[in-house]
Structures are given as C-alpha cells and as structure tokens.
Amino acid sequence: MNKNYLGVGINKKIFILMFIVYIIIIYSILKPLENYLVFTVAYHSCLLLGIFTEVSYYGDRIYLNGINIEVIAPCTGVVFISIYLALILSLSRDIKEVLAGLPLLVVVYFGNLLRIIITGIFGKIFIKEIYWVHELAGYLITPIFLVIAAMMYLKILSKIRNK
C-alpha cells in the first residue's frame with residue numbers, strides 16, 4: 001500500500017474516500033449560496049473586464065458592447081471551490097495545514113473570474129461563436145487554475161511537514 005500518495009504521506013484509499021465525502025459535504029453546504037454569489041461574481045467580473053473594455057453590470061448581468069452575459073449559479077465556481085476545499089481537508093493533518101491552504105482559494109476564484117472575462121472579451125470578437133468561447137473557457141481555464149492551486153498547496157504542505 002502506498003503510504004506516500006501525492007508526496008505528502010497519506011494512504012491512497014483513505015485519501016480518495018475522504019476526498020469524495022468532503023466534496024459531497026462541502027458542495028451541499030455551498031450549493032444553496034450560489035444564487036446569492038452570482039451578484040458578487042458578476043461585480044468582480046465587471047471590475048476586471050473594465051480594465052480591457054467598456055462594461056457595466058446590473059445584478060447578475062454584465063453588459064459589454066452588444067453582449068449581455070448572465071452570471072448564473074454554475075458560474076460562481078462553487079463546484080471548483082468545493083473540490084479545492086475537499087482536497088485541503090483530505091490532505092491536512094491539523095488546522096495549521098488547513099489554514100495554510102485557504103489563501104489559495106483566491107487562485108481558484110480568480111480562475112473562475114478569468115473564465116468569465118475571457119468569455120466576455122472573446123465573445124465580443126467571435127459573437128457568432130460565443131457559446132463555444134464560453135464552453136472552451138469554462139472547461140479549460142477554471143480547471144487549470146484549480147490544478148495550479150492544488151500544486152501550490154502540495155508544495156506548501158511538503159514544506160510544512162519537512163521542517
């Protein structure tokens with residue numbers, strides 16, 4: 001049995017079981033908040049889009065020249081945040097290790113915002129293909145940032161444990 005799974009000394013089967021249980025619990029807690037988080041995500045996306053183009057927002061909608069982007073519940077990134085939190089909780093031995101990983105939630109959240117920003121910018125350019133722009137950005141950007149945050153956390157965890 002591999003006692004050093006992911007390079008941080010955890011049993012593979014225990015990790016996978018804990019990871020799945022934590023995802024279910026965390027997502028069940030965060031899911032009801034999605035309908036409220038759409039407003040925050042729309043606002044943050046609008047602020048960042050404003051760096052590149054003229055933009056406004058109202059509630060859960062972002063308005064660019066000729067494009068109206070509605071931020072809906074899945075756009076909040078709650079699924080990816082749940083996955084990242086489940087990873088932290090599954091790998092951490094104590095509260096210190098959990099707290100070390102929490103700031104990296106910003107990386108996951110930024111990846112989600114970047115997905116919306118890319119959809120807005122390239123959606124303006126490829127207006128007839130905005131659906132594909134949205135899908136490509138959604139299936140590439142946020143997962144990449146989730147992996148980056150996870151790799152950063154594993155590095156931090158390794159440093160904490162090797163002191």
Please give the number of the condition Ala137 fails out of (1) without any contact (Cβ under 8 Å) to a residue 60 or more places away in the chain; (2) closer than 16 Å to Ile23 by Cβ.
-> (2)
Subset of the range 60-100, residues open to solvent by 30 Å² or more (accessible area, probe 1.4 Å), assigned to a loop (DSSP other than H, G, I, E, B) and more than 20 Å from Leu140 (Cα to Cα), comes to Asp60, Asn65, Gly66, Arg93, Asp94
Residues (closer than 17 Å to Ala73 by Cα and either among the small types (Gly, Ala, Ser) or surrounded by 20 or more Cβ atoms within 10 Å (Cβ to Cβ) (or both)) located in the range 103-153 | Val108, Tyr109, Gly111, Asn112, Leu113, Arg115, Ile116, Ile117, Thr119, Ala137, Gly138, Thr142
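The values are calculated or read from the model by the stated rules, or taken from the named source; none is laboratory data. Note that the coordinates shown come from a computational prediction; the quantities given were computed from them, not determined experimentally. Cβ: placed from backbone, ideal geometry, glycine included. Neighbour counts: every protein chain shown. Surface areas here come from the heavy atoms of the whole protein model, side chains and all, with no ligands, DNA or RNA. Shrake-Rupley method; radii C 1.70, N 1.55, O 1.52, S 1.80 Å.
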